[in-house]
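Beneath this line is the structure, given in structure tokens, with notes to follow.
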Amino acid sequence: MEPGSWLSALLLLLLLLPLSRVARFYAKVALYCALCVAVSVVASAICLLRNGGRTVDNMSIVSWLMRSFKYMYGLRFKVKGQEKLDVDRPCVIISNHQSILDMMGLMEVLPKRCVQIAKRELLFLGPVGLIMYLGGVYFINRQRSNTAMTVMADLGERMVRENLKVWIYPEGTRNDNGDLLPFKKGAFYLAIQAQVPILPVVYSSFSSFYDTRTKLFTSGTITVQVLDAIPTSGLTQADIPTLVDTCYQAMRSTFFHISNMPQENGATAGPAVEPAQ
């Protein structure tokens, strides 16, 4: 595209912003993505200079930089139970997954020595993939279950040996339908294998300020509720369905409560368990 065309498009966008909610929505999303890339570049340089390469300690740098995003977007986080996240012990943290803004919410409460599980495709997102790698994110190829299970087995041993927390989205994909999707089993296999507790974290619905269907993106408040840890000591793989259902029901009930939504208004709840990741 010619420089003049880019300038015309920019001027048109600036003219539309005060008039069109759709234009404002896409402008804010584009800015968010651009900020993520910019922060990834800056954070990668800092991480390489400070720590020399891949380490979970790099996530504190990313977290510090990304927490500034909330001021640009007029978002406020009300966190209840942060002290449960900060307990010095390995555990599997599970949370609901709503939108691209989840990364902002994750970094708002991220405890020390916490790594994430992500799909392998994210590794190739340029600077974003690089900073995820440097931050110790574990990438899983969902198309190859044997490889994914090997990675999870290695991670289970490492999280106990190195006192790591592991953050997983058990729904497996973003979901903004006003309810929780059925949980996949991977997080629960990991917790039982390592015999570490599961710590559920629930974010309230974003729908009052962020909605991709209606192109709404305004300021708002997000409530984050950290639930009590659920022990797995002595449990085996045979206990996984019950464990999944316990976590699902507790998180779903909390989601409706902190979102001020009657439970009947959510999408019809399906089975709480899906096949293993």
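The values are calculated or read from the model by the stated rules, or taken from the named source; none is laboratory data. This one's a predicted model, so the numbers in the text were calculated from it and none came from an experiment. Here the Cβ positions follow ideal geometry from the backbone for every residue, glycine too, while neighbour counts run over all protein chains shown. Please note that ligands, DNA and RNA were not included when accessible areas were found on the heavy atoms of the full protein model with its side chains. Shrake-Rupley method; radii C 1.70, N 1.55, O 1.52, S 1.80 Å.
Just to confirm, what accessible area per residue do you get for the chain at 1.4 Å probe, in whole Å²? Don't skip to the answer; put the middle values down first.
Details: 13760 Å² over 277 residues.
On a per-residue basis, 50 Å².
Show me 123-136, 229-242 ranked by packing, highest mean number of other Cβ atoms within 10 Å first.
Per-residue Cβ counts within 10 Å, averaged per peptide and sorted highest first, yield 123-136, 229-242.
How far is helix 3-16 tilted, in degrees, relative to the longest principal axis of the Cα atoms in the chain, given as a value from 0 to 90 rounded to the nearest 10?
Approximately 80 degrees, to the nearest 10.
Could you work out the local net charge near Val79, counting Lys and Arg as +1, Asp and Glu as -1, over the other residues with Cβ closer than 13 Å to its Cβ?
Working: positive: Arg67, Lys70, Arg76, Lys78, Lys80, Lys84; negative: Glu83, Asp86, Glu108.
In short, +3.
Projecting each Cα onto the charge dipole of the chain (Lys/Arg +1, Asp/Glu -1 at the beta carbon, about the Cα centre), which of Thr232, Gly81, Tyr248 comes out farthest on the positive side?
Result: Gly81, furthest along the dipole toward the positive end.
Could you give the alpha-carbon Rg of the chain over 2.2 N^0.38 Å, rounded to two decimals?
Expressed relative to 2.2 N^0.38 Å, the Cα Rg reads 1.05.
List, in order, the whole-Hz ³J(HN,Hα) value for each residue of the range 132-137 obtained from phi through the Karplus relation with A = 6.51, B = -1.76, C = 1.60 and θ = phi - 60°; use x for Gly and Pro.
Computed from phi, the couplings for the range 132-137 are 5, 4, 5, x, x, 4 Hz.
So, counting K/R as plus one and D/E as minus one, what does the shell of residues with Cβ under 11 Å around Thr221 add up to?
+3
In the range 114-184, which GluC sites (Glu not before Pro) fall in coil by DSSP and have 16 or fewer other Cβ atoms within 10 Å?
Filter output for the range 114-184: Glu162.
Would you work out the charge dipole size for the chain about its Cα centre, treating the Cβ of every Lys and Arg as +1 and the Cβ of every Asp and Glu as -1, and quote it to the nearest 20 debye?
500
Taking only C-alpha pairs under 8 Å that are 6+ residues apart, what is the relative contact order of the range 122-241 in percent?
This gives 19 percent for the range 122-241.
With all protein chains present, how much of the accessible area of the chain (probe radius 1.4 Å) comes from carbon and sulfur, to the nearest whole percent?
Using a 1.4 Å probe with all protein chains present, the chain comes out at 58 percent carbon and sulfur.
Quick one: helix 240-258 against the long Cα principal axis of the chain, what's the angle to the nearest 10°, folded into 0 to 90?
40
Can you tell me which of 101-107, 65-71 comes out highest on packing, and rank the rest after it, using the mean Cβ neighbours within 10 Å?
Values: 101-107: 20.3, 65-71: 16.0.
So the order, starting with the most tightly packed, is 101-107, 65-71.
Between Glu162 and Leu122, how many nm apart are label points set 7 Å from Cα along the C-beta direction?
1.7
Tell me the net charge near Ile131. Cut-off is 14 Å between Cβ atoms, Ile131 excluded, with +1 for each Lys or Arg and -1 for each Asp or Glu.
Combined, the nearby Lys, Arg, Asp and Glu give +1.
Report the relative contact order of the chain, percent, no decimals, based on alpha-carbon pairs under 8 angstrom and at least 6 residues apart.
In percent, rounded to a whole number, it is 23.
May I ask you to rank Arg161, Arg54, Arg252 by accessible area, largest first, using a 1.4 Å probe over the protein chains only?
Result of the area sort, largest leading: Arg161, Arg54, Arg252.
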